[in-house]
Structure formats: structure tokens, C-alpha cells
Amino acid sequence: MGDRACGPWIMWSHCGFGKFDPRTNTLIEVACPSRFCATWVPLTDGKLADHERTDGGHCPWSGVHVEDDRADLPDRIIDTEAARWSGEQ
Ligand SMILES: [Zn+2]
């Protein structure tokens, strides 16, 4: 991680977990892909909000755009915490 050459964006599926607003069906939080972050990170304008890693440093994933690729993964969402979370709201 950390040396992706394809630009400052990642697919939501790379994060593994996401939370969605059940009313607007938009991605509002994702699990930070950094192994130094064990936290949910809110999205602002589709980008990971500034946050700190668990070891105290600034997370390099801050500001990275998260592409919502759920449409490409019709099966995967069924297994995610996001789907469960959405269902409980
Ligand atoms: Zn992070």
C-alpha cells in the first residue's frame, strides 16, 4: 500500500467495509484501508476526511477519493457490514 500509481482514488470495495445513508443510498463512511487505522472515516465530498492513524501520525489516505463501485459488485454488498448496517436503520 501507499505507492499506488493510478492516482488519488480507490474503489470502495478496496476498503472492504462501508456505511451508507439508507435514505440517499450514498456512501458516508468507510473503513480506512490503512493497516495503521482501525477506524471508520467519514467521507466529505466523496473523499476520506482528514484523520489520524492509531500510531498518531497523519493518515496518508486522507483526501483520497473513494469511488462507489457497488454497482460492479452486486453480490459482494450482501456480505458487507454496510448491508447489515443499512438494514438495521
Ligand atoms: Zn487512515
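The values are calculated or read from the model by the stated rules, or taken from the named source; none is laboratory data. The shown structure was predicted, so the numbers you read here are calculated from the model rather than taken from an experiment. Because the Cβ atoms are built from the backbone with ideal geometry, glycine has one as well, and the counts that use them run over all protein chains shown.
In segment 56-67, is there at least one residue being over 16 Å from SER13 (Cβ atoms), under 9 Å from the mean Cα position of the chain (by Cα) and not in a loop (DSSP other than H, G, I, E, B)?
no
Go through (1) of a type in the set (Gly, Ala, Ser); (2) at pLDDT below 85; (3) exposed (fewer than 13 other Cβ atoms within 10 Å of the Cβ) and name the single condition ALA83 misses.
Unmet condition: (3).
Out of the residues in segment 62-80 that are modelled with pLDDT of 90 or more and of a type in the set (Val, Ile, Thr), state the one that is farthest from ARG23 (Cα to Cα).
Among those that are modelled with pLDDT of 90 or more and of a type in the set (Val, Ile, Thr), it is VAL64.
Which one of the conditions (1) touching a residue at least 24 places away in the same chain (Cβ under 8 Å); (2) touching a helix residue (DSSP H, G or I) at 6+ places or on another chain (Cβ under 8 Å); (3) among the small types (Gly, Ala, Ser) does GLY63 fail to meet, given that it meets all the rest?
For GLY63, the failing item is (2).
Yes or no: segment 50-61 includes at least one residue that is more than 10 Å from the ligand (Cβ to nearest atom), surrounded by 18 or more Cβ atoms within 10 Å (Cβ to Cβ) and modelled with pLDDT under 95.
no
Please work out which residue is farthest from the ligand (Cβ to nearest atom), limiting yourself to segment 24-49 and to residues that are surrounded by 12 or more Cβ atoms within 10 Å (Cβ to Cβ) and either free of Cβ contacts under 8 Å to residues at least 12 places away in the same chain or part of a loop (DSSP other than H, G, I, E, B) (or both).
So the residue we want is GLY46.
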